[in-house]
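**Student:** Structure in structure tokens, see below.
The values are calculated or read from the model by the stated rules, or taken from the named source; none is laboratory data. This structure is a prediction, so every number in the text was calculated from the model and none was measured. For neighbour counting, all protein chains shown are included, and Cβ atoms are generated from backbone atoms with ideal geometry for every residue, glycine included. These accessible areas exclude ligands, DNA and RNA; they are computed on the full protein's heavy atoms, side chains included. Shrake-Rupley method; radii C 1.70, N 1.55, O 1.52, S 1.80 Å.
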Amino acid sequence: LNLATPLLLLGADIKSARKSCGPLLVSFILASVATVLASTVALSVGPTQSLLANALGNDGLKVAAALMAKNIGGGINYFAVAAALGMDANAIAAGICVDNVFALIYFPASSALGSGLPDVDDNIACNEKGVEAERSDNVAMQSSDGVSVERVSML
């Protein structure tokens, strides 16, 4: 089971993924680089290192590294980096707590900022085989009592 994910990734067709993902892949790479740069700058400027060291001792920078990994690849990365760096259980819990507090601030704020903006056009996120093919399979039919019925294909 531990080898399943890397073996699947080794068999992935990168050219096809790049074509079907389009700007989403570029956005992910840009966001990942920005996260690493922002984390590096935040640790280099100001009293961040001393605050982390005072609060969590030697595990302070490990928590920062694990949170950076979580922001790029999700929650499982946090625990993988924490395990790889040998973080203390209290430091792991403190990092999750801080992350949850900031998520409670970030998500409502970003939702409020985007509330007045129009939704992204559906066609941007769809490739040739995706939603357009599904839409062509939808057929409008007339029932015996004159009510219009739509048959929707299931993928």
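**Student:** Testing Asn90 on (1) over 18 Å from the mean Cα position of the chain (by Cα); (2) at pLDDT below 90, one condition comes back false. Which one is that?
**Tutor:** (2)
**Student:** Can you name the residue in segment 73-93 that is assigned to a helix (DSSP H, G or I) and touching a helix residue (DSSP H, G or I) at 6+ places or on another chain (Cβ under 6 Å) and is also most open to solvent (accessible area, probe 1.4 Å) among such residues?
**Tutor:** Filtering segment 73-93 down to residues assigned to a helix (DSSP H, G or I) leaves 73, 75-85, 89-93.
Retained after the next criterion (residues that are touching a helix residue (DSSP H, G or I) at 6+ places or on another chain (Cβ under 6 Å)): 77-78, 81-82, 85, 91-92.
On the way: Asn77: 55, Tyr78: 1, Val81: 39, Ala82: 2, Leu85: 75, Ala91: 5, Ile92: 38 Å².
Restricting to residues being assigned to a helix (DSSP H, G or I) and touching a helix residue (DSSP H, G or I) at 6+ places or on another chain (Cβ under 6 Å), the top hit is Leu85.
**Student:** Is it true that some residue in segment 131-149 is touching a strand residue (DSSP E or B) at 6+ places or on another chain (Cβ under 6 Å), acidic (Asp, Glu) and modelled with pLDDT under 70?
**Tutor:** Among the residues of segment 131-149, not one is touching a strand residue (DSSP E or B) at 6+ places or on another chain (Cβ under 6 Å), acidic (Asp, Glu) and modelled with pLDDT under 70, which makes the answer no.
**Student:** Another question, if that's okay. If Ser39 meets every condition in (1) of a type in the set (Gly, Ala, Ser); (2) open to solvent by less than 60 Å² (accessible area, probe 1.4 Å); (3) more than 21 Å from the chain's Cα centre (by Cα) apart from one, which number is that one?
**Tutor:** The one condition Ser39 does not meet is (3).
**Student:** From the list Leu9, Leu67, Leu25, exactly one residue is open to solvent by 80 Å² or more (accessible area, probe 1.4 Å) and aliphatic (A, V, I, L, M). Which is it?
**Tutor:** Within the list Leu9, Leu67, Leu25, the selection yields Leu9.
**Student:** Follow-up. Say we look at segment 42-64 and pick out the residues that are among the small types (Gly, Ala, Ser) and closer than 18 Å to Phe102 by Cβ; which of these is most open to solvent (accessible area, probe 1.4 Å)?
**Tutor:** Ala55
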